[in-house]
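Each remark here refers to the structure printed beneath this line.
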Amino acid sequence: SQEYAPAMWQRALQLSRRALTLRDQQEANPDVEVGYEPDHVVCTLDLLSGIADGVAEGAAVLVSADPDGTREVILKAITDLMSPGIRRSGFALIGDIPKSPNAVGHLLPILPRIIQSAVTQLDPTMVQAYNMGACNNACWSTGEMAMAFDMAQIGPHASVLVNAFQRVLSQTMVHRSLGENAAISLGRFALRCPESISQSFETLVTPWCGALRRLRDGVEKEQAFGGLVRLVQLNPAGGVNGLIPMLHAIASWQKVRDVSLHGNLLQLMQGYETLVGPQKWTEVIQNLGPAATKKLGGFAQNVGA
């Protein structure tokens, strides 16, 4: 119930801070046992995330009761050097707070450090099985922030994050869930601040579309493809060499529920047919294969609930 959320939030925050203080004491004096348990931090962070997710819009009231404490816990969690679980749970909390538009502003003072920590988690040396939960949540949470912050606030961080997403997407045998999260978050940044990344479109279009085609229909896929549309509008030439994977990605839709997005995707294909000319377009279609060609042939009717 919403009425119990403030007391639960304050208690969980208090326990998180206490456990992280014990961690700091343990690191300062490794030979002295202080009773630090990493799992206690994970549990309290997960409780905070669950509360924030559960109250949604109401999270603003909870965070505003002690914004400094919330920021302290988040920063200590996502920069924890020893525990992937603590980093994973810290980024989960970052991703749940923006679900309340009035709460996300409390993260603004630490936004550059959050971005830096997220990029660190997505470095190839960190994209490992033991750290996959932290990688996934770092990736996902930045996409949530892209949708919640004003463009002027999140835009300056777009290029460094997109470079990190692109590295993830270009890795061979990358974990499927991480590739999907990278594709969604990249699309969200492209949707919100396309000017910041349009010049990179040519290099990221192929690996990005390769991941977009694996997404399940839903709001996140709609936002990601909305970002694709925005980059094509700004830099259509940048997508020419990625036309085949782009069309495969469009063919992956079971049903495009967003009528506006559906119309934009139709315009995108018609625009490229005109841009590359009939001979090149025929070659592209022939290289798609019969299944994708059939899906695209009926795409004009592939819209609605």
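Below is a table of values for the structure above.
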read-out	value
Acute angle (nearest 10 degrees) that the helix 111-121 long axis makes with the longest principal axis of the chain, alpha-carbon atoms	70 degrees
Cα-based reach from Lys280 at 21 Å (exclusive), listing lysines while leaving out same-chain residues under 8 positions away	Lys294, Lys295
Charge dipole magnitude, Cβ of K and R +1, D and E -1 - the chain, Cα centre, debye nearest 20	980 debye
3J(HN,Hα) from dihedral phi, the range 127-135, Karplus parametrisation 6.51/-1.76/1.60, rounded to Hz, x for glycine, proline	7, 10, 4, 5, 10, 5, x, 5, 4
Aspartates and glutamates with Cα under 13 Å of Lys255, excluding same-chain neighbours fewer than 8 positions away	Asp217, Glu222
0 to 90° range, to nearest 10: angle between helix 84-96 axis and the chain longest Cα axis	70 degrees
Extension reserve of the Tyr36-Glu195 stretch, reckoned as 0.36 nm per residue once the Cα distance is removed	52.6 nm
Sulfur and carbon atoms: percent of accessible area, the chain [1.4 Å]	54 percent
Computed lengthening from Gln25 to Arg214, 0.36 nm per intervening residue step minus Cα-Cα distance	63.5 nm
For the chain, with +1 on Lys and Arg beta carbons and -1 on Asp and Glu, the positive-most of Gly271, Gly187, Leu93 along the dipole	Gly271
With DNA, RNA and ligands ignored, accessible area of His40 (1.4 Å probe; Å², nearest 10)	110 Å²
Mean shadow area of the range 222-305, taken as a quarter of the surface of its Cα convex hull (nm²)	5.0 nm²
Helix axis angle, 176-192 relative to the chain longest principal axis, alpha carbon, degrees	80 degrees
Virtual spin-label span in nm between Leu75 and Arg176, 7 Å along Cα→Cβ	3.9 nm
For the range 137-194 versus the range 39-60, the gap between their alpha-carbon centres in whole angstrom	23 Å
Rounded Å value of the spacing that divides the Cα centres of the range 241-305 and the range 95-110	37 Å
Long-range amide H partners of Val256 with built H, under 5 Å	Val303, Gly304
Estimated 222 nm signal from helices in the chain, with DSSP H stretches of n ≥ 4 weighted -39500 (n - 2.57), rounded to 500	-22000 deg cm²/dmol
Projected label distance in nm at Gln2 and Gln14, using a 7 Å step from Cα toward the beta-carbon	2.5 nm
Under 18 Å from the Cα of Lys99 - lysines, other chains or at least 8 residues apart	Lys221
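The values are calculated or read from the model by the stated rules, or taken from the named source; none is laboratory data. As the structure is a computational prediction, the values presented were derived from the model and not from experiment. Backbone-built Cβ (ideal geometry, glycine too); neighbour counts: all protein chains shown. Side chains are part of the model used for accessible areas, which takes the heavy atoms of the whole protein and leaves out ligands, DNA and RNA. Shrake-Rupley method; radii C 1.70, N 1.55, O 1.52, S 1.80 Å.
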